[in-house]
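To start, the structure itself, in structure tokens.
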Amino acid sequence: MSQGKPLIPQHDQRHRAVQGPWTKYLQYIDRDDPAKMQILYVFREFELVDVEVTAATAEIAVKLGRLRNQRLLEKRAAEERALEETWAANAASVAYQKLLEDQPDGVVYYVRRANLIKIGTTRAFINRMRSLMPDEILAIEPGSYSLENQRHQQFEEHRYARDQRGTKSEYFHPADRLKAHIVALRQQHGIPEQLGISITDGRRMFDSSTDS
């Protein structure tokens, strides 16, 4: 089956990630290093304060970048946990239920973090990916909260876990049935661009032949 053009949410069509002008520093960085962007930021700071880039200072930049990246991931994970706890606490309120009305221009997204797949929804896709920083953007489809809930129910048996408060996780094990659904979405809506904003671990869940 032929692939369609990659789906770009209407809200984000004018927003594209721009790679920084720091290609001269890439020689010091493993291209699959999850901390690549943070390492580049350290090189940029070195440049601003006139620190000469040598093998020794490059090694320092890599270590600092990895440390910053780890702290950033821990901060984002904590923020996401806090947000999910807030949503769970407010789930019974009328005001919260109002927020769950389907939104125009929304998408349901499928992203990979380590060995799990997160199914979520957003109107601001690129901003959400910048916040989430997944290992891989797998697929997206037009839809909002009702479709997201439908997909959660569809793959309920593969749901990863619940947290200590009993809140259902949005993460799922990559079962064959879920992976087949993602392949079908990629064939229908195209393989999504990674946008230069995902923190990749160098792996891919699907090879090119899977989507043909």
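The values are calculated or read from the model by the stated rules, or taken from the named source; none is laboratory data. In this text the structure is predicted, and so the values were computed from the model without any measurement. Every residue, glycine among them, receives a Cβ derived from its backbone with ideal geometry; neighbour counts consider all protein chains shown. Each accessible area value is taken on the protein alone, full model and side chains, heavy atoms only, with ligands, DNA and RNA left out. Shrake-Rupley method; radii C 1.70, N 1.55, O 1.52, S 1.80 Å.
Observations, loosely collected:
- Residue list for region 99-109, restricted to those being outside any loop (DSSP other than H, G, I, E, B) and surrounded by fewer than 21 Cβ atoms within 10 Å (Cβ to Cβ): Leu99
- Pair list, Cβ < 9 Å and 6+ apart or interchain, from region 163-184 residues that are closer than 26 Å to Leu83 by Cα and among the charged types (D, E, K, R) to residues that are surrounded by fewer than 14 Cβ atoms within 10 Å (Cβ to Cβ) and modelled with pLDDT under 95: Asp163/Arg81; Arg165/Ala89; Lys168/Glu156; Lys168/Ala161; Lys168/Arg162
- Pairs linking a residue in region 49-72 that is closer than 15 Å to Asp33 by Cα to a residue that is exposed (fewer than 14 other Cβ atoms within 10 Å of the Cβ) and of a type in the set (Phe, Trp, Tyr), with Cβ atoms under 8 Å and 6 or more positions apart or on different chains, do not occur.
- Filtered residues of region 25-43 (kept if in a helix (DSSP H, G or I), farther than 18 Å from Arg130 by Cβ and either open to solvent by less than 60 Å² (accessible area, probe 1.4 Å) or not hydrophobic (A, V, I, L, M, F, W, C) (or both)): Tyr25, Gln27, Tyr28, Val42, Phe43
Yes/no matrix, rows are residues, columns are (1) open to solvent by 10 Å² or more (accessible area, probe 1.4 Å); (2) polar (S, T, N, Q):
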residue: Val111; (1), (2): no, no
residue: Ala114; (1), (2): yes, no
residue: Ile117; (1), (2): no, no
residue: Thr122; (1), (2): yes, yes
residue: Arg128; (1), (2): yes, no
residue: Asp135; (1), (2): yes, no
residue: Leu138; (1), (2): no, no
residue: Leu147; (1), (2): yes, no
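- Meets criteria (crowded, with 16+ Cβ neighbours inside 10 Å and either modelled with pLDDT of 90 or more or polar (S, T, N, Q) (or both)) for Arg186: yes
- In region 4-24, of all residues being in a loop (DSSP other than H, G, I, E, B) and open to solvent by less than 90 Å² (accessible area, probe 1.4 Å), the one that is modelled with the lowest pLDDT corresponds to Ala17.
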